[in-house]
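Quick notes on the structure that follows.
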Amino acid sequence: LDSQAAESLLAFLGDQEMATGAVPDDRTIVVERCRDELGDWRVCVLTPFGSRIHIPWAMAVSARIRVAGGSEVEALWSDDGFVLRFPDTDEPPDSDWIMVEAAEAVQLVTRQLGSTALFAGRFREAAGRALLLPRRRADARSPLWQLRKRSYDLLSVASRYPAFPLLLEAYRECLRDVFDMPALVETLRAIEQRQLRVHVVETNKPSPFAASLMFGYVANFVYDGDAPLAERRAQALTIDQEQLRELMGEPDLRELLDADAIAEVEEQAQCLAESFRARSADGIHDLALRLGDLSHAELARRAVLPDLPAQVDRLLRTRRLLELRIGGEKRLIAAEDAARYRDALGIPLPPGLAAALLEPVAHPVLELVRRYARTHGPFTTREPANRFGFDPQVVERDLRLLAREGRVLEGGFRPGGLQSEWCDAEILRQIRRKSLARLRREVEPVEQHTLARLFTHWQGVIAPRRSARAHLDALLDAVESLQGAPLPASLLESAILPARVADYTPADLDTLIAAGELAWAGVEPIGERDGRIALFLADRLPLLAQRRPAPGPLSEREEKLVAALASTGASFFDPLHQAVGGGYPGETVDQLWSLVWRGIATNDSFHALRAYIARPESSRRSHRGVQQGEPSGAVFRSRRTTPPAAQGRWSLVPRGEVSETEASHALALQLLNRYGVLLREAVAAENVPGGFSTIYDVLKALEESGRIRRGYFVAGLGATQFALPAAVDLLRQLRT
């Protein structure tokens with residue numbers, strides 16, 4: 001490795017050791033437990049042993065949990081380890097589930113194997129080799145979904161006969177070819193004999209190793225192993241979440257969070273909601289344990305008891321509650337918190353308390369601040385300081401400590417607020433969920449004809465753009481909305497642009513292209529003299545130019561043209577024609593346009609494209625009329641040597657170093673700006689490589705940051721719909 005790569009590697013290993021305390025190696029297994037974005041527990045088992053051991057190990061753990069009556073877990077694996085997701089569990093999963101006994105591992109894997117997609121895929125391949133899935137027509141391919149269906153029917157029948165040869169062959173392939181069962185048994189036995197060290201750690205966020213394991217593995221676990229390689233590649237668009245956050249910036253949560261949602265969550269956290277109120281003496285004691293100190297008035301708002309004063313007196317006499325003066329007023333606390341308030345506030349305690357309740361507390365102020373955050377919505381530093389009479393700087397210091405642990409977050413949360421605020425991470429997660437749910441309920445779905453009205457308004461077809469600067473600004477605005485869309489070249493200047501720009505003239509488009517403001521690229525040919533092109537703002541071309549696979553290899557002359565353009569840059573037709581060996585000019589023109597429709601070459605003007613799509617005129621000699629005094633047989637030859645369809649300078653379409661995340665982010669924003677309300681059908685109509693799943697992660701992140709909204713805006717279309725807030729407002733207006 002060079003020095004930079006070596007430093008990066010050592011930094012990566014150092015970050016891992018700092019996060020978990022150990023780096024997984026051939027003598028150490030790291031079991032990392034953390035919560036995901038939805039609050040579910042994930043257990044990451046990090047080892048370098050490879051997927052042939054990790055797959056059966058994860059299956060054995062899942063089978064063991066299922067046999068014991070535990071929750072249904074989901075497993076993902078790679079060569080670097082495997083991940084188990086435990087939904088709907090409050091306590092962290094016990095690491096003992098991972099330590100499967102070596103003696104029962106094979107039995108657990110065999111029992112689990114028959115219900116997996118991996119086994120179904122292997123059985124289908126074995127049935128195909130045995131000619132049990134014949135094609136109806138030998139000259140036509142069978143769709144994969146039909147093969148899956150027929151294989152499933154065959155498997156349903158074959159499962160009645162345990163000795164059916166294809167069943168045994170599928171088991172043999174999985175257990176011997178896909179899995180390395182002897183190595184798994186040896187690994188588990190080494191763990192039992194303490195030859196392998198198991199390091200268990202609980203983290204607030206995934207460590208570097210765990211993050212790459214959870215977010216780098218992109219195959220859908222439902223069909224993992226059952227999907228052929230081509231399908232898995234089509235799904236494998238890797239979205240780097242950290243890079244996506246850098247592109248989007250930090251969200252302004254004041255605009256996203258709903259004030260009513262904040263009030264609702266805070267009402268529940270403070271036990272003010274009807275279902276959370278105390279209805280017995282034990283309930284009063286539980287309130288004090290959960291919320292901390294409460295005044296008599298605050299307790300009365302949270303209890304539903306006709307004899308509340310008598311119940312409080314009984315709890316005070318039995319020393320389950322204590323009455324102390326805190327913040328200038330008398331408040332009730334649970335006896336279990338006596339030492340915590342004594343050490344934090346220096347308050348003397350009444351006599352008669354058990355010695356176990358008087359043990360010193362290590363960080364009393366931190367614990368009080370932590371409970372305050374856990375039972376309130378967004379708050380400023382002064383609010384808990386005033387509540388307990390603390391120095392605001394002390395509260396600020398403890399909040400910073402909690403923020404480093406990921407327990408609280410700092411930012412702007414309350415709508416209309418001006419000061420920086422703090423909020424518990426779990427409370428903020430609940431507020432965001434409720435706020436998003438309220439935003440989604442705001443718009444009732446409209447009919448599809450209303451969506452058509454929205455598109456015509458949004459695209460500026462109803463009111464064409466006008467500009468005082470020779471229409472150039474209006475044309476730029478129109479192209480900014482259309483950039484990247486595949487448009488028929490024959491309709492671009494006759495219907496598409498004139499409908500969006502008032503008094504459109506082709507000279508305006510030529511001016512912007514010549515000035516380097518706009519560029520165009522071919523998408524695909526249509527017939528003999530037409531094709532679809534895409535217009536771009538020049539700086540957005542590398543981001544938005546879609547990379548489509550070429551329909552076939554380049555010819556020899558096309559490869560020479562590409563080499564000439566790569567070496568010399570933008571060139572006129574004549575040098576290119578000479579670079580490929582000369583000959584008939586029309587052949588070179590055809591090769592240039594073949595490169596255009598492949599998305600490889602483009603032109604710095606629009607004249608060649610206009611000539612290409614123009615109807616060929618009847619052939620006639622180019623001559624000037626006979627003038628008086630000239631010989632009647634004199635004919636004057638035109639000086640134009642470049643064919644009209646090859647005018648201008650040709651160059652390669654620029655391809656910058658753009659990551660998949662940057663391209664997906666730019667494409668998602670462009671489609672939102674083009675349509676306002678983005679549907680799965682719109683993405684399919686534009687023939688985006690990878691389909692809607694290419695930009696789904698970006699759209700979801702945009703919604704979570706409050707920049708767009710998700711809901712069911714248009715009836716009768718797909719349920720997955722995203723919209724800009726301005727488009728939602730316009731959609732409401734157009735409904736009536």
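The values are calculated or read from the model by the stated rules, or taken from the named source; none is laboratory data. What you are looking at is a predicted structure, and each value in this text was computed from that prediction instead of being measured. Cβ coordinates were reconstructed from backbone atoms using ideal geometry, including for glycine residues, and neighbour counts include every protein chain displayed. Only protein heavy atoms, including side chains, enter the accessible area calculation; ligands, DNA and RNA are left aside. Shrake-Rupley method; radii C 1.70, N 1.55, O 1.52, S 1.80 Å.
Counting Lys and Arg as +1 and Asp and Glu as -1, each charge on the Cβ, what is the dipole of the range 497-598 about the Cα centre in debye, to the nearest 20?
360 debye
Please report the accessible area of D96 (heavy atoms, 1.4 Å probe, ligands and nucleic acids excluded) in Å², nearest 10.
D96 exposes around 90 Å² with every protein chain in place.
Work out the charge dipole of the range 31-80 with +1 on the Cβ of Lys and Arg and -1 on the Cβ of Asp and Glu about the Cα centre, then indicate which of T47, V73, A63 is farthest towards its positive end.
A63
What is the range 25-113 by shape, rounded, prolate or oblate, if you read a ≥ b ≥ c off the alpha carbon gyration tensor as root eigenvalues and call it rounded for a/c under 1.5, prolate for a/b larger than b/c, and oblate otherwise?
Oblate shape, in that a/c is at least 1.5 and b/c is the bigger or equal ratio.
What figure, in Å² to the nearest 10, do you get for the accessible area of T720 with a 1.4 Å probe and non-protein molecules left out?
30 Å²
What's the magnitude of the charge dipole for the range 473-531 around its Cα centre, counting Lys and Arg as +1 and Asp and Glu as -1 at the beta-carbon? Answer in Debye, nearest 20.
Dipole magnitude for the range 473-531 comes out near 140 debye.
Normalising by the residue count of the range 363-510, find the relative contact order in percent from Cα pairs under 8 Å and 6+ residues apart.
About 18 percent, as a whole number.
So which GluC sites (Glu not before Pro) in the range 408-462 pass both tests, a DSSP loop state and at most 16 other Cβ atoms within 10 Å of the Cβ?
In loop regions of the range 408-462 (DSSP not H, G, I, E or B), the sparsely surrounded GluC sites (Glu not before Pro) are E442, E447.
Just to be sure I understand the model, the point goes 7 Å from the Cα along the line to the Cβ. What's the resulting R172 to D282 distance in nm?
According to this spin-label approximation, the distance is 6.2 nm.
Cβ under 10 Å from L717's Cβ, L717 left aside: what net charge do those residues give with Lys, Arg +1 and Asp, Glu -1?
Computed value for this residue: 0.
Pull out a ≥ b ≥ c, the square roots of the eigenvalues of the alpha-carbon gyration tensor of the range 347-463, then state rounded if a/c is under 1.5, prolate if not and a/b is larger than b/c, and oblate in the remaining case.
It comes out prolate by the Cα gyration axes.
How much net charge surrounds W458 when only other residues with a Cβ under 12 Å from its Cβ are counted (Lys, Arg +1; Asp, Glu -1)?
Here the charged neighbours net out to +2.
Two decimals is fine: what's Rg over Rh for the range 549-590, C-alpha atoms, Kirkwood radius as Rh?
Rg divided by Rh gives 0.97.
Between M18 and E101, what length comes free when the chain is fully extended (0.36 nm per residue of separation minus the Cα-Cα distance, one decimal in nm)?
Residue separation times 0.36 nm, minus the Cα-Cα distance, leaves 26.8 nm.
Using a basic spin-label model with each label point 7 Å from the Cα along Cα→Cβ, how many nm lie between R52 and A502?
Taking the two extended label points, one gets 7.3 nm.
Calculate the FRET efficiency for A685 and R397 from the Cβ-Cβ distance with a Förster distance of 51 Å, rounded to the nearest 0.05.
That pair, A685 with R397, gives E of 0.35.
Which shape class applies to the range 269-329: rounded if a/c is under 1.5, otherwise prolate when a/b exceeds b/c and oblate if not, where a ≥ b ≥ c are the square roots of the Cα gyration tensor eigenvalues?
oblate
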